[in-house]
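A quick write-up on the structure given underneath.
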Number of protein chains: 4
Amino acid sequence: MLDKLRRDVWKANRDLARRGLVVLTFGNASGIDRKRGLVAIKPSGVEYDEMKPADIVLVDPRGRVVEGKLRPSSDTPTHLALYRAFPGIGGIVHAHSPAATIFAQARRPIPCLGTTHADHFAGPVPVTRMLRKAEVEADYEAETGKVIVERFAKLDPGAMPAVLVAGHGPFVWGRTPDEAVRNAVALELVASLALATRHLDPRVPELPAYILSKHHKRKHGPKAYYGQTKEKP
Amino acid sequence: MLDKLRRDVWKANRDLARRGLVVLTFGNASGIDRKRGLVAIKPSGVEYDEMKPADIVLVDPRGRVVEGKLRPSSDTPTHLALYRAFPGIGGIVHAHSPAATIFAQARRPIPCLGTTHADHFAGPVPVTRMLRKAEVEADYEAETGKVIVERFAKLDPGAMPAVLVAGHGPFVWGRTPDEAVRNAVALELVASLALATRHLDPRVPELPAYILSKHHKRKHGPKAYYGQTKEKP
Amino acid sequence: MLDKLRRDVWKANRDLARRGLVVLTFGNASGIDRKRGLVAIKPSGVEYDEMKPADIVLVDPRGRVVEGKLRPSSDTPTHLALYRAFPGIGGIVHAHSPAATIFAQARRPIPCLGTTHADHFAGPVPVTRMLRKAEVEADYEAETGKVIVERFAKLDPGAMPAVLVAGHGPFVWGRTPDEAVRNAVALELVASLALATRHLDPRVPELPAYILSKHHKRKHGPKAYYGQTKEKP
Amino acid sequence: MLDKLRRDVWKANRDLARRGLVVLTFGNASGIDRKRGLVAIKPSGVEYDEMKPADIVLVDPRGRVVEGKLRPSSDTPTHLALYRAFPGIGGIVHAHSPAATIFAQARRPIPCLGTTHADHFAGPVPVTRMLRKAEVEADYEAETGKVIVERFAKLDPGAMPAVLVAGHGPFVWGRTPDEAVRNAVALELVASLALATRHLDPRVPELPAYILSKHHKRKHGPKAYYGQTKEKP
């Protein structure tokens with residue numbers, strides 16, 4: 001069932017490793033079939049280069065396994081919370097990619113200091129609050145999803161496809177699992193650029209709003225003129 | 001038409017990715033045929049390892065497509081402005097290579113702190129002013145070319161084959177697309193060295209002028225004695 | 001004799017190089033057969049990609065060669081001291097991996113600033129005291145083992161599978177040689193994250209104890225629910 | 001003539017590129033036949049992966065080409081000055097490897113902060129004074145050799161097989177071209193460790209002399225017990 005989705009999710013997980021976003025088994029990618037309401041996700045603790053499309057697990061909106069022999073990623077409840085709250089997204093990536101994780105550990109947003117950032121993220125990448133003790137002990141992974149959704153109360157997940165969970169690392173999404181991987185690659189690049197730019201000069205101001213807006217609209221929305229078609233997958 | 005130029009430009013684009021100067025599709029290389037006045041450039045938003053020589057687009061000096069099925073890079077007007085203003089150059093590279101982009105984001109020139117820098121760039125690598133709101137909204141990519149040319153009013157693009165666009169990233173050139181790629185590799189290296197050197201000691205002075213001049217002339221100009229021939233391509 | 005152990009140790013040494021934890025010959029891995037009391041360890045000064053399983057040396061608890069034509073690693077007495085003091089471990093890795101070595105050279109523990117750390121190490125990774133002159137001159141490698149054991153007087157080597165030897169570098173262990181390699185990879189990652197996080201903000205506090213505990217127990221101990229089985233090798 | 005030496009020097013140059021010590025053509029390796037007084041060295045400005053053993057140039061002590069169709073490296077006079085002053089060395093490497101070049105640009109010695117350093121270099125790696133204007137303009141490359149030799153007036157080139165030329169980069173040597181490459185790899189590693197260690201804590205003291213001495217003697221000299229034989233090549 002859902003062989004194409006499982007293959008796309010398998011490829012997204014493999015690409016996470018190939019693009020250097022994960023080491024060991026610290027990361028996972030998922031995708032959703034909105035019609036059936038089923039989510040395909042990485043099995044927990046399995047090596048990326050040993051994984052096959054058949055190992056990808058299908059779960060229902062409550063996280064119960066519908067198809068697959070392996071246990072799904074322990075982060076599954078976080079993915080499900082995001083799919084529920086953000087109806088426009090089709091794929092999610094979680095990784096401990098170094099530069100983004102550094103901002104998450106420092107509990108700071110990633111400032112928008114250049115056009116590389118503006119091409120992908122319409123403003124500073126936000127950071128959640130730290131989870132409280134009761135939240136961690138009750139239902140940790142589901143509560144992680146809730147603090148992300150809480151942080152997006154006034155944000156558009158279409159224009160800002162990433163978040164940093166304080167003390168943990170980034171969650172990144174897109175319209176497809178592949179777009180989520182690409183956004184995760186872009187996030188890691190802009191985080192590393194921001195780290196070093198603020199290092200070189202801690203007082204560098206953020207990019208002027210008129211350039212941020214111009215660059216984001218070059219690539220996204222109805223007037224986009226970057227790439228070969230206006231209709232991305 | 002212009003098959004050799006297109007192949008050279010294709011190779012330059014592919015080398016950008018192979019040498020680690022670009023991630024995803026953040027970068028482009030072009031070349032010019034001065035006799036016909038045509039520019040060969042990367043198609044917009046296409047993956048480097050999927051690109052074929054036939055995908056390279058030929059445009060006229062106004063940016064109209066002369067040959068090719070794909071849309072040219074959205075940065076084409078910037079390339080055209082540089083070819084118009086700098087008649088001695090034959091290839092241009094734009095990348096978001098990390099260390100050079102960090103200086104661009106910090107809106108600072110790259111100081112010449114060592115002979116690696118002097119071998120390629122006859123002084124600090126300059127940074128443009130930030131584009132104004134009206135410039136960004138009117139004709140962004142062409143105005144980007146204009147601020148570069150404005151910055152070079154008193155500079156020789158032959159002795160200084162690179163510039164940083166403030167808040168954006170580097171543009172680099174050479175007599176051929178391949179030389180532009182090599183200069184972009186050198187720029188990235190000297191930017192990363194300068195970052196870390198100033199980090200280790202913020203007061204390190206620039207290289208004395210007599211060493212800068214000696215190293216640059218060892219490789220460039222009529223008395224060059226580096227390499228196998230005085231006539232480079 | 002002990003062909004499987006020797007093959008596991010050979011693989012662990014090769015993986016050290018493949019995962020970028022060692023350059024030249026700066027590192028070694030070993031494994032123990034608890035029943036026979038024999039330790040399999042890398043030969044001294046041999047290149048990783050030239051090593052064969054047959055080159056792995058078997059030594060007894062006093063370090064005398066039982067099988068093998070080559071001289072064992074000069075760090076053998078340190079490995080033996082750890083196997084003696086920590087009966088639950090089955091494999092040890094020593095490397096000069098950069099980020100962990102930087103903390104060792106700075107003589108500072110690696111603070112726990114995020115969940116990546118908590119997943120593997122139940123608190124800050126400790127650093128030994130500097131060896132004294134008499135210790136260095138008498139029996140250097142055995143004394144290195146002793147200062148590690150001294151540092152673990154109140155620590156559980158099962159929950160904290162790594163230590164930094166002051167001015168030197170990390171020793172890392174696990175239930176198997178392969179688990180020791182994985183812990184060494186995790187150590188290098190969390191050390192590099194901690195370095196850069198403290199760089200971005202020197203006052204970042206450590207991860208709250210309730211998150212540290214939750215993440216560590218997700219992966220380890222009787223209530224672990226990460227991965228496919230509770231019984232790891 | 002001297003086919004083995006040329007092959008060793010060719011391999012050393014190729015290894016410089018394979019080990020990531022050089023980009024583009026910024027580096028060269030040489031070797032000497034002490035009996036014949038001939039030096040084999042990289043040709044100037046040639047790509048590492050296109051070079052063949054037959055391209056290696058043989059020069060006499062005055063730098064005149066004895067065999068080979070290509071022009072020798074422009075740094076040849078520096079190599080010759082070192083072979084003349086340091087009779088115990090058999091191979092020399094010059095590279096612009098990043099971390100060592102950063103110290104050279106900052107005009108600072110590399111402090112000995114750990115045992116990785118002590119294993120290869122018996123103390124801080126020294127830096128020359130900056131060349132004077134008259135020296136640069138008269139006979140630049142030969143004068144570069146002279147300031148290195150001047151800096152070693154009270155140093156033993158056997159115990160300290162590397163130097164930083166101020167504002168330029170490292171020269172490294174060994175008993176063979178291969179040992180020079182290995183020492184250059186070690187130099188780059190210890191330079192990067194020292195950079196980051198001082199970054200983490202600017203007041204970290206140097207390694208105590210008794211540990212420095214112990215580690216160096218473990219690997220070098222009559223009482224060495226590291227590796228498989230006391231007689232290294």
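Points to keep in mind about this one:
- Within region B:196-208, the set of residues being more than 9 Å from chain D (Cβ to nearest Cβ) and either hydrophobic (A, V, I, L, M, F, W, C) or over 10 Å from B:P111 (Cβ atoms) (or both) comprises B:P202, B:R203.
- Of the residues making up region D:85-96, those that are surrounded by 21 or more Cβ atoms within 10 Å (Cβ to Cβ) and more than 10 Å from every other protein chain (Cβ to nearest Cβ) are D:I89, D:G90, D:G91, D:I92, D:V93, D:H94, D:A95.
- When each of A:L113, A:L82 is tested for being surrounded by 21 or more Cβ atoms within 10 Å (Cβ to Cβ), touching a residue at least 24 places away in the same chain (Cβ under 8 Å) and within 17 Å of the chain's Cα centre (by Cα), the lone residue that passes is A:L82.
- Region C:125-138, residues that are at pLDDT 95 or above and either of a type in the set (G, A, S) or in contact with a strand residue (DSSP E or B) (Cβ under 6 Å, 6 or more places away or on another chain) (or both): C:V125, C:P126, C:V127, C:T128, C:A134
- Being in contact with a Phe, Trp or Tyr (Cβ under 9 Å, 6 or more places away or on another chain) and at pLDDT 95 or above is a property that does not hold for C:E150.
- Failed condition for A:R6, given (1) within 17 Å of the chain's Cα centre (by Cα); (2) under 30 Å from C:R19 (Cα atoms): (1)
- Checked against the criterion of being charged (D, E, K, R) and within 20 Å of B:T176 (Cα to Cα), the candidates B:R108, B:R71, B:R84, B:R62 yield just one match: B:R84.
- Only one entry in C:A166, C:A122 is surrounded by 18 or more Cβ atoms within 10 Å (Cβ to Cβ) and within 12 Å of chain D (Cβ to nearest Cβ), namely C:A166.
- Only one of the numbered conditions (1) more than 23 Å from B:V9 (Cβ to Cβ); (2) of a type in the set (A, V, I, L, M); (3) buried (at least 18 other Cβ atoms within 10 Å of the Cβ); (4) away from chain A (no Cβ under 14 Å) is violated by B:A184, and that is (1).
- Subset of region C:157-184 (residues that are of a type in the set (K, R) and closer than 18 Å to C:V22 by Cβ): C:R182
- A:P157 meets the stated requirement of being more than 22 Å from A:P98 (Cα to Cα) and more than 12 Å from chain B (Cβ to nearest Cβ).
- Of all residues in region D:123-153, those satisfying the criterion of being without any contact (Cβ under 8 Å) to a residue 40 or more places away in the chain and not in a helix (DSSP H, G or I) are D:P126, D:V127, D:T128, D:R129, D:M130, D:L131, D:R132, D:A153.
- Going through (1) away from chain A (no Cβ under 13 Å); (2) surrounded by 16 or more Cβ atoms within 10 Å (Cβ to Cβ) one by one, C:D178 falls short only on (1).
- Yes/no for C:V147 being crowded, with 18+ Cβ neighbours inside 10 Å and either within 14 Å of chain D (Cβ to nearest Cβ) or more than 16 Å from C:A184 (Cα to Cα) (or both): yes
- Some residue of region B:101-111 being out of contact with any Lys or Arg (no Cβ under 6 Å at 6 or more places or on another chain), over 24 Å from A:R203 (Cβ atoms), of a type in the set (K, R) and within 11 Å of chain A (Cβ to nearest Cβ): no
- Here C:Y210 fits the description: assigned to a helix (DSSP H, G or I), more than 30 Å from C:V149 (Cβ to Cβ) and without any contact (Cβ under 8 Å) to a residue 40 or more places away in the chain.
- Tally, over region C:11-67, of residues that are surrounded by fewer than 18 Cβ atoms within 10 Å (Cβ to Cβ), part of a helix (DSSP H, G or I) and in contact with a Lys or Arg (Cβ under 9 Å, 6 or more places away or on another chain): 3
- Residue count for region C:187-223, restricted to those that are farther than 23 Å from A:A194 by Cβ, hydrophobic (A, V, I, L, M, F, W, C) and buried (at least 17 other Cβ atoms within 10 Å of the Cβ): 3
- Conditions (1) β-branched (V, I, T); (2) at pLDDT 95 or above; (3) more than 30 Å from C:V190 (Cβ to Cβ): number failed by A:V165: (3)
- Any hit, region B:214-233, residues being within 19 Å of the chain's Cα centre (by Cα), without any contact (Cβ under 8 Å) to a residue 60 or more places away in the chain, facing chain D (nearest Cβ under 10 Å) and in a loop (DSSP other than H, G, I, E, B): yes
The values are calculated or read from the model by the stated rules, or taken from the named source; none is laboratory data. Keep in mind the model is a prediction, meaning the values are calculated, not measured. Cβ: placed from backbone, ideal geometry, glycine included. Neighbour counts: every protein chain shown.
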